[in-house]
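Every number in this text was worked out from the coordinates using simple rules, so none of it is lab data. Keep in mind that this is a model prediction, so the values were computed, not measured. Neighbour counts are summed over all protein chains in view; Cβ atoms, including those assigned to glycine, are modelled from backbone coordinates with ideal geometry.
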Amino acid sequence: MDEQIDVSIRPQKERSNMVALIKAQNITKDYQTEEVVVHALREVDFEIEPASFVSFVGPSGSGKTTILNLIGCLDKPSAGNLRIADTDVIGLDRKNSAAFRGKHLGFIFQDFNLIPVLTVYENIEYPLIMVQNIPPQERKERIARLLAAVDMTDQAHKYPHQVSGGQKQRVAIARALVTNPALVLADEPTANLDSQTAYAVIGLMKKMRDDFGTTFIFSTHDTKIVGEAEVIFRLEDGRLTAKEMKGGAKSG
Ligand code: ADP
Ligand code: MG
């Protein structure tokens with residue numbers, strides 16, 4: 001757990017000979033309800049390269065949230081192997097899962113999940129509370145850089161209720177990136193946005209990938225937004241039915 005896994009700040013080119021950031025083999029997830037067993041994921045296999053821009057796409061109930069929760073180390077599969085940044089994340093206990101998330105992962109949510117009593121600035125700063133070894137000046141610089149990157153510098157003092165939905169999601173993107181994670185997970189990040197704002201939010205995530213080398217994985221059932229991803233995994237009834245590569249992504 002203490003080894004440095006630094007895949008977040010290297011430019012894309014230098015990563016070409018690196019191992020997959022995520023390697024999922026035969027992932028199965030069953031939910032046991034009182035009545036029945038729900039097969040949410042069935043023998044799902046995939047690899048995701050560092051610095052890629054990936055979408056899991058499928059109708060409601062196809063398993064998108066389930067797969068993102070597993071990659072996010074928020075839940076464990078019923079069977080299969082899952083390695084992220086060369087770590088067997090299934091083998092991590094609760095404490096080490098939390099540490100792994102804090103160090104390597106960022107999250108963006110459908111309903112933004114900003115803290116209402118904190119300003120835009122404080123919301124972005126919030127994940128750094130868990131990070132001890134960053135001097136105050138560097139914290140300020142990092143937040144300022146992210147505020148600028150998501151074009152929210154002049155809104156930094158405002159509270160979430162004082163900004164628009166698109167602006168809230170820009171704050172959430174900055175918050176997800178403030179700890180320099182290797183990987184950001186976004187479960188239907190555009191579901192509560194109009195389609196023009198949705199494009200802008202996806203475009204901003206892609207720009208953040210370009211600038212910081214962070215891998216982004218988002219889920220959506222919006223066919224318009226899907227086209228913005230470079231790698232598309234299609235889910236149907238818990239099965240991975242297709243992998244599509246768009247321009248800009250390496251094949252393999
Ligand atoms: P999506 O995000 O694509 O809508 P989900 O991953 O949320 O799909 O759900 C996949 C399947 O698993 C669905 O049939 C859903 O009803 C079921 N499911 C999800 N979470 C649970 C749970 N906690 N308990 C029982 N069934 C669940
Ligand atoms: Mg879902």
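If you check every pair at least six apart or on different chains, which have Cβ atoms under 6 Å apart with a residue in the stretch 118-139 that is free of Cβ contacts under 8 Å to residues at least 60 places away in the same chain and of a type outside the set (A, V, I, L, M, F, W, C) first and a residue that is part of a helix (DSSP H, G or I) and surrounded by 13 or more Cβ atoms within 10 Å (Cβ to Cβ) second?
Close Cβ pairs (under 6 Å, with a partner that is part of a helix (DSSP H, G or I) and surrounded by 13 or more Cβ atoms within 10 Å (Cβ to Cβ)) amount to ASN123/VAL171; ASN123/ARG175; GLU125/ILE143; ARG139/LEU128.
Determine whether ALA200 is under 17 Å from VAL150 (Cα atoms), more than 16 Å from ligand 1 (Cβ to nearest atom) and not polar (S, T, N, Q).
Yes; evaluated as a whole, the condition is true for this residue.
For the stretch 27-53, what are the residues that are aromatic (Phe, Trp, Tyr) and buried (at least 16 other Cβ atoms within 10 Å of the Cβ)?
Once the filter is applied, which keeps residues that are aromatic (Phe, Trp, Tyr) and buried (at least 16 other Cβ atoms within 10 Å of the Cβ), the stretch 27-53 yields PHE46, PHE53.
Within the set of pairs 6 or more residues apart or between chains, which connect a residue that is in contact (Cβ under 8 Å) with a residue 12 or more places away in the chain inside the stretch 69-87 to a residue that is of a type in the set (Phe, Trp, Tyr) and surrounded by 18 or more Cβ atoms within 10 Å (Cβ to Cβ) with Cβ atoms less than 8 Å apart?
That search, which allows pairs on different chains as well, returns GLY72/PHE107; CYS73/PHE100; ILE84/PHE100; THR87/PHE100.
May I ask you to list the residues in the stretch 66-82 that are closer than 24 Å to PRO127 by Cβ and surrounded by fewer than 19 Cβ atoms within 10 Å (Cβ to Cβ)?
Matches in the stretch 66-82: ASN69, LEU74, ASP75, LYS76.
Do any helices (runs of 4 or more DSSP H) lying entirely in the stretch 60-153 carry at least 3 residues that are of a type outside the set (D, E, K, R) and more than 16 Å from ligand 2 (Cβ to nearest atom), and which ones are they?
Passing ranges, in order: 94-104, 120-125, 136-149.
Within the stretch 158-171, can one find any residue that is surrounded by fewer than 18 Cβ atoms within 10 Å (Cβ to Cβ), outside any strand (DSSP E or B) and of a type in the set (D, E, K, R)?
Yes, because at least one residue in the stretch 158-171 is surrounded by fewer than 18 Cβ atoms within 10 Å (Cβ to Cβ), outside any strand (DSSP E or B) and of a type in the set (D, E, K, R).
Of the residues GLY165, GLY102, only one is among the small types (Gly, Ala, Ser), out of contact with any Asp or Glu (no Cβ under 6 Å at 6 or more places or on another chain) and within 30 Å of GLN196 (Cα to Cα); which?
GLY165
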